Amino acid sequence: MPYDEKSIRTDAPHHLILEGREQLSVSGVEEVESFDETQIVMYTTKGTLIVRGGDLHIEKLSLDGGDLKVEGEIDSLTYEDSGRDKGRLFSRLFR
């Protein structure tokens, strides 16, 4: 689903459940921009969420329901409030 500013669902529920720094469940996910074993970048109803760690893998992804499950060694969870307004991953990396 292409990004359209009018399609942001700010009223959709957004929850994070972190279990033992090894399992993460996220609701309110609109799009996963990129992922590898050290970082996952996703757009949520409350801003861009970046998950960093090691040996990360996506166990479940349902964009229709807005749910994502991640397993691995989770080191940090970071939000960027205006991530989409500033461009995609490469434009953020080369600021």
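The values are calculated or read from the model by the stated rules, or taken from the named source; none is laboratory data. Keep in mind the model is a prediction, meaning the values are calculated, not measured. Quick reminder, even Gly has a Cβ in these numbers, built from the backbone with ideal geometry, and neighbours come from all protein chains shown.
The set of residues in region 1-25 that are at pLDDT 90 or above and more than 15 Å from the chain's Cα centre (by Cα) comprises Glu19, Gly20, Arg21, Glu22. Listed by first and then second residue, the pairs linking a residue in region 26-42 that is of a type in the set (D, E, K, R) to a residue that is surrounded by fewer than 17 Cβ atoms within 10 Å (Cβ to Cβ) and part of a strand (DSSP E or B), with Cβ atoms under 9 Å apart and 6 or more places separating them unless they lie on different chains, are Glu37/Gly54; Glu37/Asp55; Glu37/His57. Tallying residues that are among the hydroxyl-bearing types (Ser, Thr, Tyr) and more than 13 Å from Tyr79 (Cα to Cα) within region 26-45 yields 3.
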